[in-house]
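Taking it in order: structure first as structure tokens, then the write-up.
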């Protein structure tokens, strides 16, 4: 690294000394609106001298007075001007075609879109700015080929499932690397309360200029060991030269739950349950009505206590502008958003300051700084976040299964409680162990408050026109405060109450230095060369206080009077966490093109990471790519086909990248830990580690074709890709009897691939003066296949929320295949649930005597054994997904509709098991179809009280797996741009009013509320599971954009 | 060159040098940051280097045995709820419901967690013994201490295997231990590749247990000189008491008597003649509130705050309706209805009948933070085991057996004296006494299975006879899925 930089310094010095007798001409290339034109080419006519302007339109070139300079480039009209007496020459050019001159953000730089050989999809910030979401990733669904966003549940600010080109890891995270203004940021749910907290919510979507999704090796290999899952680069807005602009964007809206299950009412409930009791030998429970204070039988709709209409609003104000030397962008925002579950809210105050300043012709500095304060609240467990599916107090499930013939209050107004649980009222021995949700909603509270600072400062030097030296120091500091109070009256806090305060500090600094050399040789050979170094240091500290047994019910936080204190558990560590990791790298990239027709690129990165044992710390990653712009060939432009197909570009890349996302900072090392034995220290073996551990590697192949027809009337991009991943870290399960801590040893053994097609088609079918219609369609077809695990590991099972084994990963199937007992309906003769064992025999189950009967012979059969009889039956990973966006403009009106779709997958509807359980749990109206007499053909078995086998609670059954394919109208908005004549009187330059809706319509055969669901969050092995989660709500907003 | 150019060049060169310097500095990486040392975990190569850490490792072995899923909580609860003295009240699948009604399957978390906890303990013992032999012995130097540590590790290992046998394997008496037993892990494991190990027979596991206990008996001290240590660590009498229990489960009455005779005199007063002065406590309540009476031969301690069994693992959580969650009430048709157990018996204080007529076990005072020590072996058990062995071996109304039985009964009920007319009656009286005395202490289930009795029906759970596969715990999937030699 040092050697390379020294060499570069020498190179620069020698060119400095080789000045000829010409003068240095500098200037800027702008368009007729005053906007800079990036990367145009400036040549001295009649010579071989040429330079490339930078992203800001600035150039410098040596020429004599009297010589002519020519400006040319993609998408602009050629312009000439003669060098006069002075040394400044600016150009104002006319744009011909805007899209090709677009600039794309690549790793550690920017490139013209027409020069890029990798596969990068760009989403403009403007297209997501007004979405009523808490974080920008939730708005990316359907906007870029290859990107799959699944909003996991209706809890506010939970991190959506984010995948680029399929699931690319098994044991580590498959979440892409998110880089915000050059700083890789923290991702995942950082909350330690009942609320969810996605750190990406710290960036106000209104402050985002663009999101660039890097997908193939050519684009991602420069990020080396962190690139296997794709990279998303977020660039925040920068000021533009010219008059200061002020913009206000605001909206207000409401969110409601929809498509909820229909449950039995009190009379139906008692009838069904008493029927079940009559059918069970020895059952003594009785389900009887209780009269409420009005004298009528209690008939509670528990959903009314859990769900409400959430009201949200958001306001963003920004000021931007600048002059020749300095540009700035300052913004402030406030939003408060309520979810569909009562007490679940998200509130953010954010502030941003981006400044760029040219100190001299060759020296510039800048700073990007953002501060955000977020408050995520949820009084009690929603039962929807990963690990919560079986929380006794989970509101998602409680809203459904509590008996409707009891209420939250006794007739005297006191809470209906029985110890930690809700009181049974007149029901006899129902064994109700679930909590009274109203007590918890009224009295519990929990929240996560984040203070997040993200930003960087840079120095840039251009000693000679062709060389840019830049050093950037960035930080990402997230302080997260979690508060948690459990009332002693009922629920998990009964009887003593509990208050927990946890504080987490995530600190990262990153220091990147790069040198970029750009030159055009002989007017035809463009060379770009980048070399750089980077260090990144991350620290995580977390600790807290867990207090129990309150002295007086008056105290509701951890700072009150409590009897007992222990250290709070952070990330499964009872002592808290205090850890760090460090990444050091050197990287380089070389771009070459000839005549802007033939392109070749290569990149290289060497990473050293602290988590791996000595001897395994370093890895090398690289890519090679080519592109061929056929349509630029002379023969093409002159031919008949050239008139129709005006752009045709072939592209191919190959490379190898790595994945370390989510690996523990000391995963490789063996450790002992301490615990107490009668108050004395006990030391025990706590982690086996593995000295050979290293990163997962992904070999990415990408072949693509870009085209545009009829002067960009139709544009398209077709790509075929393959990610071959091996060295997958598999936590090799150890047999229980080995006694190895956590019964796993991590090893790099597995392999998997994702292979498929991405097709993006855009068209401007109508573009008249009064009426315009743009459409953009994208589809990704992805096949995920696990090819090998480990010789001793034929399969890896996955257990949802530590309780229900729902999924299995094994070679020959996609990751996280739904793993259930096959069932074949209900036996019309006996009303028993039919299970199919491994031999294919159909067995009817009788819960009364807990035996299985062979349907053919009637004899008692060997009981169904989940280990032998469960089968990997259903694919949970969508085989195709994408979006279709249409925008219409008619006069001052605009209409936009975004539909998203996913298909070719199944969802395990575990909630359906919950609502058909035959214990005291309320059931959905489906059970009214239950079997009652011989010969009846139905899908609901005979009701036997206590039976939690036939409905699929004891073990998951195929009866509860449903196709998840859906099409959603994800966004629709209608806007009206007010006439400028009217506005200019008030000093307003533009204003638009709009109405929009989110998650409006779901077309699907899935029986649950929403097939877009993930009870297991971003977990790679547990997708497609819906267990007791609160579903996404439907949002309507009205908003205003004003520019001053 | 012109002055202008000279100055311009100087400016460029200065700026270049500054920036290059900055870049070069940035390019230097930090070797120490690339090789961090964890501040919150102790590297494993440190733990045999000092005497203190070795002593702490021994504490750690007991601590692993004591976890909430094993002898500090659920291991004891499971053995009791399988029996006929408890009725499930909450129908909650995570608090032993399926174990209580014998419908639990091998994939159930409870089956796997207890198995894994026991084998984790066994692996810790194996690693400790190997580490001691490899260098720890030299660090400790003191021969007596070395023998003690080796002895304690073998004791813990033996107790872990024995606890597993009681739940996951067929009783010895079924076929003289010929049934498949457990994989016998005797070497420490730290890496991948050792999943496959076939099961040794029940008899072979017993042989290993007894071999370990014999070694332990020779190594551990007579007396730790500290009341707490004498209950929480194995001393000679504790090892002997466990041997007595192991032989009892094998039906080897002769050896039961041989072992018991080391710690039980021929006649009353019954007090261990050597080593720790184990004897019956005057008031049985003291055993469950004061924890370190001479009656407790071995118990698993809980001290609150940073040393708790964990949520839903605490005995009082299961048995108390007010200071716990009332998961299990006492079965009216179980031992509490025994006519011979008088209402004046001090042990009736442990049976609390509420206003609805439901009875609860109030032996463990409980309440957050649940500091109830969990008994493993009590002296009363030592006496009754000897009594039973004598009655069975002599097949007569053995005088010492009767005396032992009466000693235990008189401690709580001085008004009742047993005078059985036949050996059968004597044995039944002893078994009844065990049922009363050890209610809620995890001995009812093993007492049923070692004698191949049928688990009686209770509440909505049916009777389970020895031929029913549910008689013993199913094989855990955490084992069967990965151990291909099972």
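Coordinate-derived values only; no laboratory data. Since the structure is predicted, the reported quantities are computational estimates derived from the model, not experimental observations. We place every Cβ from the backbone using ideal geometry, glycine too, and count neighbours over all the protein chains shown.
Figures for the structure shown
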{"quantity": "Ratio of Rg to Rh over segment A:168-234 (Cα coordinates, Kirkwood Rh, two decimals)", "calculated": "1.00"}
{"quantity": "Compactness of segment B:335-486, expressed as Rg and Dmax over alpha-carbon positions, Å", "calculated": "18.4, 58"}
{"quantity": "Percent RCO, i.e. relative contact order, over segment A:76-221, from Cα pairs under 8 Å lying at least 6 residues apart", "calculated": "28 percent"}
{"quantity": "Overall Cα dimensions of segment A:278-384 - principal axes, largest extent first, Å", "calculated": "91, 34, 17"}
{"quantity": "Whole-percent pair-distance distribution, where bins are 5 Å wide, for the alpha carbons of segment A:724-837", "calculated": "2, 9, 12, 12, 12, 10, 9, 8, 7, 6, 5, 4, 2, 1, 0, 0"}
{"quantity": "Area projected by the alpha carbon convex hull of the protein assembly as shown, averaged over all directions, nm²", "calculated": "61.7 nm²"}
{"quantity": "Tilt relative to chain B, helix B:109-131 - C-alpha long axis, 0 to 90 degrees, to 10", "calculated": "70 degrees"}
{"quantity": "Computed FRET value (nearest 0.05) for residue A:326 with residue A:32, which takes r as the C-beta separation and R₀ as 22 Å", "calculated": "0.40"}
{"quantity": "Label point at residue B:35 placed 7 Å out along Cα→Cβ; residues across segment A:656-673 whose backbone nitrogen lies under 19 Å", "calculated": "A:665-671"}
{"quantity": "Separation between Cα centres of segment B:39-101 and segment A:430-446, rounded to whole Å", "calculated": "30 Å"}
{"quantity": "Estimated inter-spin distance, residue A:720 and residue A:79, nm [label 7 Å along Cα→Cβ]", "calculated": "4.4 nm"}
{"quantity": "Overall dimensions of segment A:898-1035 by Cα: Rg and Dmax, Å", "calculated": "22.7, 81"}
{"quantity": "Förster radius 45 Å - calculated FRET efficiency between residue A:769 and residue A:637 (Cβ-Cβ, nearest 0.05)", "calculated": "0.90"}
{"quantity": "Proportion of all alpha-carbon pairs of segment A:477-531 beyond 12 Å (%)", "calculated": "78 percent"}
{"quantity": "Pair residue A:281, residue A:411: separation of 7 Å Cα→Cβ label points (nm)", "calculated": "4.0 nm"}
{"quantity": "Rg over Rh, two decimals, chain B (C-alpha only, Kirkwood Rh)", "calculated": "1.15"}
{"quantity": "With Cα atoms, 0 to 90° folded angle of helix A:266-278 axis to chain A main axis", "calculated": "60 degrees"}
{"quantity": "Inter-chain Cβ neighbour average for residues B:54-65, partner chain, 10 Å", "calculated": "6"}
{"quantity": "Along principal axes, Cα extents of segment A:317-454, largest first, whole Å", "calculated": "86, 30, 20"}
{"quantity": "Shielding score for A:663-675, defined as the mean number of other chain Cβ atoms within 10 Å", "calculated": "5"}
{"quantity": "Cα shape, segment A:184-301, gyration tensor, a/c 1.5 rule", "calculated": "prolate"}
{"quantity": "Debye log10 I(q)/I(0) for segment A:63-196, one point scatterer per Cα, at q = 0.10, 0.11, 0.18, 0.19 Å⁻¹", "calculated": "-0.55, -0.62, -1.15, -1.24"}
{"quantity": "Point-to-point label distance, residue A:524-residue B:338, nm (Cα→Cβ direction, 7 Å offset)", "calculated": "10.5 nm"}
{"quantity": "Relative counts (whole %) of C-alpha pair distances in segment B:64-139, using bins that are 10 Å wide", "calculated": "18, 38, 23, 12, 8, 1"}
{"quantity": "Centre separation in Å (Cα based) which lies between segment A:456-481 and segment B:109-182", "calculated": "59 Å"}
{"quantity": "Kirkwood Rh and Cα Rg combined as Rg/Rh, segment A:803-895", "calculated": "1.35"}
{"quantity": "Calculated FRET efficiency for the pair residue A:860/residue A:963, C-beta based, R₀ 51 Å, to 0.05", "calculated": "0.90"}
{"quantity": "Net lengthening on full extension, residue A:645/residue A:87 (0.36 nm per residue, minus Cα-Cα)", "calculated": "196.7 nm"}
{"quantity": "Relative contact order of segment B:352-486, defined on C-alpha pairs under 8 angstrom at six or more residues apart (%)", "calculated": "14 percent"}
{"quantity": "Folded to 0 to 90 degrees: helix A:2-17 orientation relative to chain A principal axis, Cα", "calculated": "30 degrees"}
{"quantity": "Coarse-grained scattering of segment A:816-859 at q = 0.14, 0.16, 0.18 Å⁻¹, given as base-10 log I(q)/I(0) from a Debye sum over alpha-carbon atoms", "calculated": "-0.32, -0.41, -0.50"}
{"quantity": "Cα-based radius of gyration of segment B:239-348 once divided by 2.2 N^0.38 Å, which approximates compact folds", "calculated": "1.35"}
{"quantity": "Normalised convex hull volume, segment A:696-786, alpha-carbon set, Å³ per residue", "calculated": "126 Å³"}
{"quantity": "Partner chain coverage, peptide A:724-735 - average Cβ within 10 angstrom", "calculated": "4"}
{"quantity": "All-pairs alpha carbon distance profile, segment A:46-94, 5 Å steps from 0, percent", "calculated": "5, 18, 33, 28, 14, 3, 0"}
{"quantity": "Over chain A: helical MRE at 222 nm, DSSP H runs n ≥ 4 each giving -39500 (n - 2.57), nearest 500", "calculated": "-2000 deg cm²/dmol"}
